[in-house]
């Protein structure tokens, strides 16, 4: 639960600390807007991936399931700046599958928190592996971090790739995830 009053007061103090007048017309409503923004951007703390992965369907086939290009945005816990990109999730079912929209919801659960890309990638893989009990799962997260592009080294267009693999997943599936992220097959070797 976000304490919006406390957040708004903190934003007002930040504005004063950088020499701004929080009561001027353009900033008057900013503290409340930022408080609502933080409530939205951290809504994942109040959500649980397991609830989205609870409804499954029996499936005897063991064909690889790949949900690719799931867009997300999150907030880096180090600088409170956005990072955004795409998540690719591949899993080999072991008797059950989940509705594809549920994988996107799982991404949102973890993206809507103060986050590290590497942790988010692992959390998504762990949730899918733990809740669906597939033979294997691989998750790739490709993201651009504004803490690297808008400040600091200012390397526009640079992207970070994280991959998490759980269980028995074919090497070809992992290579496919690297290829989807533009890293080429076998990049993880």
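Rule-based calculations on the coordinates, nothing more; no lab input. As the structure is a computational prediction, the values presented were derived from the model and not from experiment. For neighbour counting, all protein chains shown are included, and Cβ atoms are generated from backbone atoms with ideal geometry for every residue, glycine included.
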What's log10 of I(q)/I(0) for region 77-120 at q = 0.26, 0.28 Å⁻¹, Debye sum over Cα points only, no solvent? -1.03, -1.12
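Full extension from residue 47 to residue 101: what is 0.36 nm times the residue separation minus their Cα-Cα distance, to one decimal in nm? Display every interim value, and only then the final one.
Details: separation 54, 0.36 × 54 = 19.44 nm, distance 1.56 nm.
Here the answer is 17.9 nm.
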Provide the FRET efficiency to the nearest 0.05 for the residue 81-residue 171 pair, computing r from the beta carbons and using R0 = 25 Å. 0.10
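Working out 0.36 nm times the residue gap between residue 16 and residue 73, then minus their Cα-Cα distance, what length gain in nm do you get to one decimal?
Stretched out fully, the residue 16 to residue 73 stretch lengthens by 17.7 nm.
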Measure nothing but the geometry: give the 0 to 90° angle between the long axis through the Cα atoms of 30-41 and the longest principal axis through the Cα atoms of the chain, rounded to 10°. 10 degrees
Listed with the fewest Cβ neighbours within 10 Å leading, 28, 166, 36 appear as 28, 36, 166
For region 92-189, convex hull volume per residue from C-alpha positions, Å³: 107 Å³
log10 I(q)/I(0), Debye, Cα-only region 123-166, no solvent, q = 0.13, 0.22, 0.33 Å⁻¹? -0.42, -0.69, -1.06
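Once the Cα gyration tensor of the chain is found, what semi-axes does its equivalent ellipsoid get, as square roots of 5 times the eigenvalues, in whole Å, sorted largest first? If you can, show how the numbers build up before the last one.
On the way: eigenvalues 271, 82, 21 Å².
That gives 37, 20, 10 Å for the three semi-axes.
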Please work out the C-alpha center-to-center distance from region 129-179 to region 1-52 and express it in whole Å. 29 Å
Nearest 10 degrees is fine. How inclined is helix 117-132 to the longest principal axis of the chain, computing both from alpha carbons? 50 degrees
With angles folded into 0 to 90 degrees, how steeply does helix 4-17 sit against the dominant principal axis of the chain? Use alpha carbons for both and round to 10. 60 degrees
